[in-house]
Every structure is written in C-alpha cells, then in structure tokens.
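Encoded as structure tokens, the structure appears first; notes follow it.
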Amino acid sequence: IFLVLTDSFSLSLSLSLSLCLCPSVAMELLYWRDLKQTGLMFSSILLLLFSLTQFSVVSVIAYLALAALSATISFRVYKSVLQAVQKTDEGHPFKSYLEVEISLSHDQMQRYAENAQYYMNSTLKELRRLFLVQDLVDSLKFAVLMWLLTYVGALFNGLTLLIMAVVSMFSMPVVYEKYQIDQYLGLVRTQVNSVVGKIQEKIPGAKRKAE
C-alpha cells in the first residue's frame, strides 16, 4: 500500500512538473495518449477541485501535505525496518527521486519570464482597445460577453466553472480528434463573420479601416 501511494504521489508530481515545463507533454496528456498518466492527472485535479468546494484552501493544502508526508514517512520507516531485519543496505528508498533534477536554469527562467511579459502586455493592450472603444463592434461584443457572464456567475461559482473547464480540457480534444468537426466549425464561423459584417456596415464608425 505504501509503495502504491508513494509511486502515485511521485508520478503525479513529475507529471505536474512536466505539464508546466513542456507543452508537448500537455498535449499528450490532453489527448489521452497514456491512459494511466492522463487518468492519474485528471483524477488528481478533480479531487483537488472538489476538495476546495468543501474545505478552505489552507485546509486542503494542509491535508494534502499531511497525506503525502504520512505515505512517505511510513514507507521510509517500513523500508528501514525491512533492511534492518534482512541485514541489507539498499540505501534511501527515494534515492532515485532525490537525484532527479527539478531546478530551472537561468535561460529557462528568462524564457518563461519573457513569455509571461508578452502575454501580460498583449492582454493589457487588448483590454485598453476594448474599453476605450477603438473598434465599436469588438467593444459591443465584449460588452455582450460580460453581460452573459453575469448570468453565468449567478448560476455557477468560480470553482464549478473551473471544474467544468478541466472536464472540457480533458474531453473536448478527444471528441474533436475522433469526430473531426472542422467542417462544422467552419460553417459556424462563416455565418458569424457574415452577421458581424452586416452589423459593421449598418453601424456608423464600426467598419474597420483597411490596412
């Protein structure tokens, strides 16, 4: 039991690090290339989110830390006793995990900081464009989206929406890959662009300037 718990915890931790550091690993997980890894990651995230719906963030973090420490400490004591009884010297049971390099290099930190800066600047510029009505149609669409979100917020809280987003992330890519819905998305996009084009022609000042 201790071995299963510690292996599951270690695998979940390694998957989380890989997901954050490597986009290709994220795509492999979202497309369920490895059922064991994706299932473990999916169930771990859902368990964490469902726990947050019942307990505070501090309590969830404390309980998770206690569960992980209980598993690792118990397994360490169990292996030490077993080595003493069998008079073997296998070393630290977590030696292979302790030797794994998890630190980020200066170049990696700089690259992630530059990416974060780029997305932050892009977001700020887009929000400025929308709130200062650089394009009337885009600002109106943004206003309609915010109005719809008021109803969504009245029906669901943030954690419920996050759970739905996680379920969609792990299910929609598989559905998209299986049923190949590009043609249907293309038809919808064409209809939407047609409607937006007609609205732009009728609203003064809404038509974009040709670049």
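The values are calculated or read from the model by the stated rules, or taken from the named source; none is laboratory data. Fair warning: this is a prediction, and the values are worked out from it, not measured in the lab. Cβ sites come from the backbone with ideal geometry, for glycine too, and all protein chains shown count toward neighbours. These area figures cover heavy atoms from the full protein model, side chains too; ligands, DNA and RNA do not enter into them. Shrake-Rupley method; radii C 1.70, N 1.55, O 1.52, S 1.80 Å.
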Exercise for the section: Just name the residue that is surrounded by the most Cβ atoms within 10 Å (Cβ to Cβ) out of those in segment 173-203 that are basic (Lys, Arg) and at pLDDT 70 or above. Expected result: ARG189
Fill in the blank from the handout: Flagged pairs (Cβ under 9 angstrom, 6 or more apart or on separate chains; first in segment 52-74, closer than 19 Å to LEU162 by Cβ; second among the β-branched types (Val, Ile, Thr) and surrounded by 12 or more Cβ atoms within 10 Å (Cβ to Cβ)) are LEU52/VAL60; THR53/THR160; THR53/ILE163; GLN54/VAL60
Problem - Residue in segment 64-80 that is of a type in the set (Gly, Ala, Ser) and at pLDDT below 85 present - result: no
Practice task
Collect the residues in segment 77-105 that are among the acidic types (Asp, Glu) and either surrounded by 10 or more Cβ atoms within 10 Å (Cβ to Cβ) or over 31 Å from the mean Cα position of the chain (by Cα) (or both), keeping them in residue-number order.
Solution key: ASP89, GLU90
Exercise for the section: Would you check if THR6 is over 16 Å from LEU162 (Cβ atoms), over 18 Å from the mean Cα position of the chain (by Cα) and at pLDDT below 85? Expected result: yes
Fill in the blank from the handout: When PHE170 is run through (1) open to solvent by less than 80 Å² (accessible area, probe 1.4 Å); (2) at pLDDT 85 or above; (3) of a type outside the set (A, V, I, L, M), the failure sits at (2)
Practice task
Inspect all residues belonging to segment 129-151 and state whether any of them is modelled with pLDDT of 85 or more, loosely packed, with under 10 Cβ neighbours inside 10 Å and part of a loop (DSSP other than H, G, I, E, B).
Solution key: yes
Practice task
List every residue pair whose Cβ atoms lie under 6 Å apart, where the two residues are 6 or more positions apart in sequence or sit on different chains, the first residue falls within segment 95-114 and is under 30 Å from LYS79 (Cα atoms) and without any contact (Cβ under 8 Å) to a residue 12 or more places away in the chain, and the second residue, located anywhere, is assigned to a helix (DSSP H, G or I) and open to solvent by 100 Å² or more (accessible area, probe 1.4 Å).
Solution key: none
